[in-house]
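Q: The following block contains the structure, expressed as structure tokens.
FYI, it's all coordinate maths here, none of it is from the lab. Predicted model, so just to flag it, every value in this text is computed and none were measured. Every residue, glycine among them, receives a Cβ derived from its backbone with ideal geometry; neighbour counts consider all protein chains shown.
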Amino acid sequence: MASDLVRVATAGSVDDGKSTLIGRLLHDSKSLFTDQLEAVERVSRHRGHDYTDLALLTDGLRAEREQGITIDVAYRFFATPRRKFIIADTPGHVQYTRNMVTGASTADIALVLLDARRGITEQSRRHAFLATLLGVPHIVACVNKMDLVDYAEDVFEAIRDEFGEFATRLRVRDLSFIPVSALHGDNVVTRSRKMPWYDGAPLLGHLERLHVASDRNLVDVRFPVQYVIRPQSYEVLDYRGYAGTVASGILKPGDPVRALPSGLESTIASIDTANGPVDEAFPPMAVAITLVDDIDVSRGDMLCRPHNMPSVVQDLDALVCWMDESASLDKGRRYALKHTTRWARAVVKDVSYRIDVNTLHRDQGAIGLSLNEIGRVQLRVTQPLFVDPYQQNRETGSFILVDEGTNKTVAAGIIAWAPAG
Amino acid sequence: MSARVLSQLAALEAESIYIFREVAAEMQRPCLLFSGGKDSIVMLHIASKAFAPARIPFPVMHVDTGLNFPEVLAYRDRWIARLGLRLVVASVQDAIDRGLVSEEPNGSRNRVQTPVLLEAVERNGFDALFGGGRRDEEKARAKERVFSFRDEFGQWDPKNQRPEIWGLYNTRVFPGEHIRVFPLSNWTELDVWTYIAHEKVEIPALYLAAEREVVEREGMLYATNEFIRLRPGETTQVRKVRYRTIGDANLTAAVESEADTLDKIVAEIAAARITERGATRGDDMVSETSMEDRKREGYF
């Protein structure tokens, strides 16, 4: 039971071998079942393919099979004795940005695929940019199809140098490179004998060993209250537990806390779970906190430390990714906004600029955002939110916008800047 | 828990608890779909942990096909009573008697569950239904959201799903619409069994291997019961079998197994090379897209 849970986001189109790579990881780590494989082999034969098309494993819906495209984010699972992996697999062509942002929002690791023959492409740049923007701590660049360049070290090194330089500009926190051939399995699960010049681990070993625990913010205590547990029974008449998931920081019984927005202070009496009280809570534990004093706290409020507080703001300076195809984000428009466990309404005060995700150029003349566009936006909200900059805290630095006319989720937003708390 | 890292099971449980609480806080009339299968049992177990020491703040619904294993009904009633919950039964037999749906010629009541379910949702005004679906089960499920929006006809549109970013779930619906919520989306079959063994969750004995009288049909073993009648020329034999999934008693096959304890089941599943549906479900073998088609109509 010592294994942990790691989330990986990947993106790419059919021709760069992404599906083959994932299929290979699942197959070679024995996470693929024989009836699944047989179904794929049957369809491959039926279509006259020379080889088993592992992309069929991930393309599940009728429209996808009929049109040979991938519609949406698919989630795949595989486990080794060390780790369980959740892969958010996103297509490379349609709705690229929207799906990539979705997959990367919770990822610990982003897998970027590069074709050894083509080197750095617009798509790989875009992928690295979005992963960095969404705060994915580790980027693993797989230089694939090494078999088609005779497993040449200089090809790999040229790509590594060029991509490394680009990543430096993005301020990628941790970047590694692996030369692979997904088709032949070189450096995917086992080390390739065809590339003796590469002395690193194969992809799976690398994914197993990447240290992700230290990526979490264990310093700033943020506990968004999700639900108040008040049993209507005589056995536990006076129980009042503030249930929620720890966003960041470490909470312990006896710690002083301040509740926002009231500003009232108290002390943690106990941290409860259904298995009994615990000595401490850290992310992403789901617990119920009881306080020594009877202060008024409800859903949407936040517990933090008296001397380490988030910014309490009604003006948001944010980067927003627009995800709706039927309407655009425009100055003056109003939306419902969800941040941690709190809903508010927001109005767009200004659009500062739009970012070209391919060139990173900032278009200062932009007045709105349409589907898959990202821009810097100023929002005014109806009630105070308790925020931190996204790069410091993914939980308290993120929000979504919902169109109240359609109830659709239309945007993902990250707090770009906030005044010190 | 060294170095403040949650094990994968603890992390999965925490995610599921978060989902239960989010629905309870934001939806008006949630309800938990309970089939008696291992996934809904785990779901009920985690729901009880999410609100402890209070009771689960929503009712449980069973879509009763009338083809249940008796052990499953007994289990259901025992746990509903123990947790102090309200049970809503949507009866397929009753719907057949009323003429809402008609019996399919192959004897499967799988597909006719859908109108019965949707009618009960409408009658009770439920706006959120917890289901035990997992993304590792099937290709269509792998692309479904944790919060899966359904229109006023209960339909799922895979091309028009709400983006799900971070843990910021959009729970908003208009009257008549509802959301299916899958707290076990990221669990695999092995996770479910490892969790049951770890938490010592009570399960129906059908899941444990025992000597049972079975009949072989199309390569699958069906334990004889009131719903499995011997066809001409068929003979029964006694084998040590268990159920890897539990669905309708007339369609769920057993598998040969020596796993008569939870730990042995975990070991068996860890070594399994065939998916649970491939191994045991006559109803899922119809076509490559049968699950997608059923989901579009409003199935679980």
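Q: What is the sum of charges, Lys and Arg at +1 and Asp and Glu at -1, for the other residues whose Cβ falls under 9 Å from the Cβ of A:VAL348?
A: Net charge around A:VAL348: +3.
Q: Give me the percent of DSSP beta bridges within the protein assembly as shown that run antiparallel, rounded to the nearest 5.
A: Here the antiparallel bridges make up roughly 70 percent for the protein assembly as shown.
Q: Compute the projected area of the convex hull of the Cα atoms of chain A, averaged over all viewing directions, and report it in nm² to one decimal place.
A: For chain A, averaging the hull's shadow over all directions gives 23.4 nm².
Q: What's the extension gain from B:ALA3 to B:GLU211 if we count 0.36 nm per residue and subtract their Cα-Cα distance?
A: 70.3 nm
Q: Over what distance in Å are the Cα centres of the stretch A:152-194 and the stretch B:101-125 separated?
A: Each part's Cα centre sits 53 Å from the other's.
Q: Sticking with this one: May I ask you to derive the FRET efficiency for B:LEU83 and A:GLU235 from their Cβ-Cβ distance with R0 = 22 Å, giving the value to the nearest 0.05?
A: Result of the calculation: an efficiency of 0.95.
Q: Within chain A, which complete DSSP H helices have Cα atoms spanning at least 24 Å along the helix axis and a mean Kyte-Doolittle hydropathy of -1.0 or higher?
A: Answer set is A:153-170.
Q: Once you average over the residues of A:243-250, how many Cβ atoms of partner chains fall within 10 Å of each Cβ?
A: Averaged over the peptide's residues, the number is 3.
Q: Any chance you could get the radius of gyration and Dmax over the Cα atoms of the stretch A:287-421, in Å?
A: Computed over the Cα atoms of the stretch A:287-421, radius of gyration and Dmax are 16.0, 54 Å.
Q: With the crude spin-label approximation of a point 7 Å out along Cα→Cβ, what separation in nm comes out for A:ASP293 versus A:GLN364?
A: The modelled label-to-label distance comes out at 4.9 nm.
Q: So what's the net charge close to B:ALA254: Lys and Arg +1, Asp and Glu -1, counting the other residues with Cβ under 9 Å from its Cβ?
A: So the surrounding residues net to +3.
Q: Counting helices only, and only those DSSP H runs with n ≥ 4, report the 222 nm mean residue ellipticity of chain A as the sum of -39,500 (n - 2.57) divided by its residues, in deg cm²/dmol to the nearest 500.
A: -5500 deg cm²/dmol
Q: How many nm is it between the label spots at B:ALA272 and B:ARG123, if each spot is 7 Å from the Cα in line with the beta carbon?
A: Using points 7 Å along Cα→Cβ, the separation is 3.4 nm.
Q: Mind checking the mean number of beta-carbon atoms from other chains within 10 Å of the Cβ atoms in A:26-39?
A: Averaged over the peptide's residues, the number is 3.
Q: Next question. Could you pull out the pairs from A:LYS338/B:LYS143; A:LYS408/B:LYS38; A:LYS18/B:LYS295; B:LYS200/B:LYS240; A:LYS145/B:LYS38 whose alpha carbons sit more than 31 Å apart here?
A: In this structure, A:LYS408/B:LYS38; A:LYS145/B:LYS38 lie more than 31 Å apart at Cα.
Q: Work out the mean other chain Cβ neighbour count within 10 Å for the residues of B:168-178 and drop it here as an integer.
A: Taking the mean over all residues of the peptide, I get 4.
Q: Beyond 50 Å, how much of the Cα-Cα pair distribution for the protein assembly as shown remains, as a whole percent?
A: 13
Q: FRET efficiency for B:GLU152 and A:ALA158, Cβ-Cβ distance as r, R0 = 56 Å, nearest 0.05?
A: 0.50
Q: Here's a follow-up. Which Rg and Dmax, in Å, describe the Cα atoms of the stretch A:160-231?
A: Calculated on Cα positions, Rg and Dmax stand at 19.6, 64 Å.
Q: So how do A:391-401, A:293-303 stack up, highest first, on mean other-Cβ count within 10 Å?
A: The packing order, highest mean first, is A:391-401, A:293-303.
Q: Then there is this: Send over the semi-axes of the stretch A:252-322's equivalent ellipsoid, whole angstrom and largest first, taken as the square roots of 5 times the C-alpha gyration tensor eigenvalues.
A: 26, 17, 11
Q: Determine the percent antiparallel among the DSSP beta bridges restricted to chain B, to the nearest 5.
A: DSSP beta bridges in chain B are roughly 60 percent antiparallel.
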